[in-house]
Amino acid sequence: MEVIICSTDGEVGEKAAATVANKVRQAQASGRKAVIGVATGSSPLSTYTALQQLIDRGELDLSQAYAFALDEYVGLPAGHPESYCEVIRKTVTEPLNMIPAQVNVPNGNAEKLDQAGADYEKAIAAAGGVDIQILGIGSNGHIGFNEPISSLSSRTRVVKLTEQTRQDNARFFDSLDDVPGYALTQGLGTILDARACVLVAQGAGKAAAVKALVEGPVSAMCPASVLQWHENATIVVDEAAAANLELADYYRAQASH
Ligand code: GLP
C-alpha cells in the first residue's frame, strides 16, 4: 500500500488523477481499451476535475474507455438527480467525454436484483476487468456500499445501508426519510479484482476510517481495510484525513523518494 499525504483537495485530485492516467495509458499501450472503476460521493470530484484537465491538455484520452460505477441505490426512480446513474453522467461521462453506452452503473431498479448483480459481474469481466478503480470511503469505513461485516470476498449484491450511511448521505436528499435503505454494490471481492485501486479521502470526518483502513487489522468491521490485501493500492489523503496516522512521517518520506 502506498499512502500519499497532500496539503489541499486540489493536490489530492491531481495525485489520484495521475495514478489513474498512468494505469489508463498502460492499458492503452498494450492495445486495450482502458476500463476505469468510478465512484460517487464528494471525495472523487477533485480527481474528476484533474482528469478533465489532463484531457483538455491532450495528455489523456478516455473517449474510448469503459467505466463501471461501484454502486447504485435500490428503488430510486430513473432520472432521480441523486441516483448514481445521474450522478455518474454529470460528474464522469459528460465532463470526461466518455461514450454513454460504455459507462455502466448497476441497475437498482431491476426486477431481479440478484440477477442484475451477477450480470454486472459478467459485464465487467467481458470488458476485460477494471484497470484502475477509484474509491472514496464512508465515515464507517465502507467502500462502494460494502457496509461493516461485508464478506471480504463478496461480489455485486444488495446491501442494507446502515443508519450512519443514510445519515451521512441525507445531505443529498430533502430529508433522511428520502434516503433509500438498500443499494446494489460491487462486492469487496469484485473491487479486489481491479488491477489497481486508488482511494481518496479528505477532511477530519474520514480520519478514523483512514486510520483503520491503513493501520488497523484487515477486518470486515472496516471494509476498506481489505485493500491491505491488494498489491497495487494507493491511498491519497489530505492532512485532516491523515491526522490519526501513526506512521505519517514514514509515508511522507516514502513518497518523497
Ligand atoms: C457513498 C458511496 C461511496 C462513497 C461514500 C463517501 O455512500 N457509496 O462510494 O465513497 O459515500 O462519500 P463522500 O465522498 O461524499 O464522503
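Points worth noting:
- Some residue of region 148-164 being modelled with pLDDT under 95 and of a type outside the set (Lys, Arg): yes
- With respect to the conditions (1) modelled with pLDDT of 95 or more; (2) open to solvent by 30 Å² or more (accessible area, probe 1.4 Å), Gln254 falls short on a single one, namely (1).
- Meets criteria (more than 17 Å from Gly138 (Cα to Cα) and surrounded by 15 or more Cβ atoms within 10 Å (Cβ to Cβ)) for Ala207: no
- Total residues in region 89-145, condition acidic (Asp, Glu) and within 16 Å of Lys160 (Cα to Cα): 1
- So Asp249, is it within 24 Å of Leu45 (Cβ to Cβ), surrounded by fewer than 16 Cβ atoms within 10 Å (Cβ to Cβ), free of Cβ contacts under 8 Å to residues at least 12 places away in the same chain and not polar (S, T, N, Q): no
- On the stretch given as region 119-135, residues that are within 10 Å of the ligand (Cβ to nearest atom) and more than 16 Å from the chain's Cα centre (by Cα) total 0.
- Among residues of region 121-144 that are in contact (Cβ under 8 Å) with a residue 12 or more places away in the chain and acidic (Asp, Glu), those with a beta-carbon under 7 Å from a residue that is open to solvent by 20 Å² or more (accessible area, probe 1.4 Å) and not in a strand (DSSP E or B) at least six positions away or on a different chain give the pairs Glu121/Arg155; Asp131/Lys23; Asp131/Arg195.
- Residues within region 211-227 that are in contact with a Leu (Cβ under 7 Å, 6 or more places away or on another chain) and open to solvent by less than 40 Å² (accessible area, probe 1.4 Å), tallied: 9
- Filter result (charged (D, E, K, R) and more than 12 Å from the ligand (Cβ to nearest atom)) within region 185-221: Asp193, Arg195, Lys211, Glu215
- Exclusive hit being among the small types (Gly, Ala, Ser) and in contact with a strand residue (DSSP E or B) (Cβ under 7 Å, 6 or more places away or on another chain), set Gly144, Gly189: Gly144
- Residue within region 228-239 that is within 13 Å of the ligand (Cβ to nearest atom) and either aromatic (Phe, Trp, Tyr) or open to solvent by 20 Å² or more (accessible area, probe 1.4 Å) (or both) present: yes
- Number of positions in region 136-184 that are in a loop (DSSP other than H, G, I, E, B), over 26 Å from Tyr48 (Cβ atoms), among the β-branched types (Val, Ile, Thr) and away from the ligand (no atom under 11 Å from the Cβ): 1
- Residue, farthest from Met1 (Cα to Cα), within region 165-177, restricted to residues that are in contact with a helix residue (DSSP H, G or I) (Cβ under 8 Å, 6 or more places away or on another chain) and surrounded by 14 or more Cβ atoms within 10 Å (Cβ to Cβ): Ala170
The values are calculated or read from the model by the stated rules, or taken from the named source; none is laboratory data. Remember, it's a predicted structure, so these values are computed and weren't measured experimentally. Positions of Cβ are backbone-derived with ideal geometry, glycine not excepted, and every protein chain shown enters the neighbour counts. For accessibility, only protein heavy atoms count, side chains too; no ligands or nucleic acids. Shrake-Rupley method; radii C 1.70, N 1.55, O 1.52, S 1.80 Å.
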